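The values are calculated or read from the model by the stated rules, or taken from the named source; none is laboratory data. What you are looking at is a predicted structure, and each value in this text was computed from that prediction instead of being measured. When we count neighbours, we look across all protein chains shown, and the Cβ atoms used for this are built from the backbone with ideal geometry, even at glycine. Just the protein is used for accessible areas: all its heavy atoms, side chains included, with ligands, DNA and RNA removed. Shrake-Rupley method; radii C 1.70, N 1.55, O 1.52, S 1.80 Å.
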Amino acid sequence: MGNQVEKLTHLNYKEVPTADPTGMDRDEGPRIGVSYIFSNDDDELEQQQQDSVAQDMGGEHPAPQPYDPRLQEVECSVYYRDECIYQKSFAGDDTTPDERDGGGGGQLSTYTPENLLNRCKPGDLVEFVCQAQYPHWAVYVGDFQVVHLHRLEVVNSFLTDASQGRRGRIANYLYRYKPLSPATVVRNALEQVGCKDRELSWRNSECFAAWCRYGKREFKIGGELRIGKQPYRLQIRLGDKRSHTLEFQSLEDLIMEKRRNDQIGRAAVIQELSSHLQAAEEEEEEDDPGAQTAAE
């Protein structure tokens, strides 16, 4: 089996001319990006599902279920050509839940919103996670508050309200780009408060929060020109010695797929890829009957 590489051909794309004058990365000229044809913000789909459940329960949010990152989340790495720009790995990470303080000591540990507040500093990225939901990202700006993209609008909320009861973690170390200064990160976030609908330059909360911290136009809608070979690779770990790699034309598209994997969960991703790889192997055997005859 080994490592597998696949180009995404089942997705629909459209090219969008973009100059992006508001991007922080000013070293390059105007670029053309590709747009992922899905909902503008998958967090809105998540919120609609939560509201539906809350209505069934008399308007109250359901009690949070026990959450174990090792069971729910997919280990993966993101590469731009040969450079690793994102990594989520449990190797050497202490994520054992601790009933007393709400989390372990590793970077992927999750905490209750109240405990998370004690760990946050202005400029930190915060990721809220819950089983069967898209992760929700926010920028901590101080005074117990975060700025985040919520329901197609950039809003300023108290961290505990933004969490909606979900556990969270500080997500500063997932992306490997050089961060801007904390003051700049906070300023980037606060300047966007009130932007909504067609004014938005980000498809989801993760792209918005990451742009605030790193200032990379690649996190924006249509923020980059990608012609020819797909330069981004999402390497998904299936086991100790197995992985599957998907190739993408833009970082924005890759993040959308990564978030989909987070939403459906580790077991579903492994099952989905295993079925796909098995079907691909059977197709290869049908295309090469000589190999099957030789094996017999």
**OP:** Please calculate how many Å² of accessible area the range 121-213 carries per residue, with a 1.4 Å probe and no DNA, RNA or ligand atoms counted.
**Re:** 40 Å²
Original post:
Each label point is 7 Å from the Cα along the Cα-to-Cβ direction; what then is the distance between the points at Ala267 and Phe158, in nm?
Top reply: 3.6 nm
Subject >> Length gained when the stretch Asp197-Leu71 is fully extended (0.36 nm per residue, less Cα-Cα span) >> reply: 41.8 nm
Original post:
Just by accessible area at a 1.4 angstrom probe, what is the order of Arg176, Arg213, Arg259 from largest to smallest?
Top reply: Arg176, Arg213, Arg259
**OP:** Could you work out the relative contact order of the range 150-208, using alpha carbon pairs under 8 angstrom and six or more residues apart, expressed as a whole percent?
**Re:** 68 percent
Original post:
Looking at the square roots a ≥ b ≥ c of the eigenvalues of the Cα gyration tensor of the range 206-278, which shape do they give, rounded for a/c under 1.5, prolate if a/b is larger than b/c, or oblate?
Top reply: prolate
**OP:** Quick one: pull the percent of accessible area on the range 222-271 belonging to carbon and sulfur, 1.4 Å probe, ligands and nucleic acids left out.
**Re:** 49 percent
**OP:** Report the full-extension gain for the segment Phe144 to Ser275: residue separation times 0.36 nm, less the Cα-Cα distance, to one decimal in nm.
**Re:** 42.7 nm
Subject >> Flagged links, alpha-carbon separation over 32 Å, of Lys121/Lys258; Lys220/Lys241; Lys196/Lys229 >> reply: Lys220/Lys241; Lys196/Lys229
Original post:
Distance in nm between label sites at Tyr80 and Asn172, each 7 Å beyond Cα in the beta-carbon direction?
Top reply: 2.1 nm
**OP:** Please list the non-local residues whose amide H lies under 5 Å from the amide H of Asn172, H modeled 1.01 Å from N, same-chain partners needing a gap of 5 or more.
**Re:** Leu125
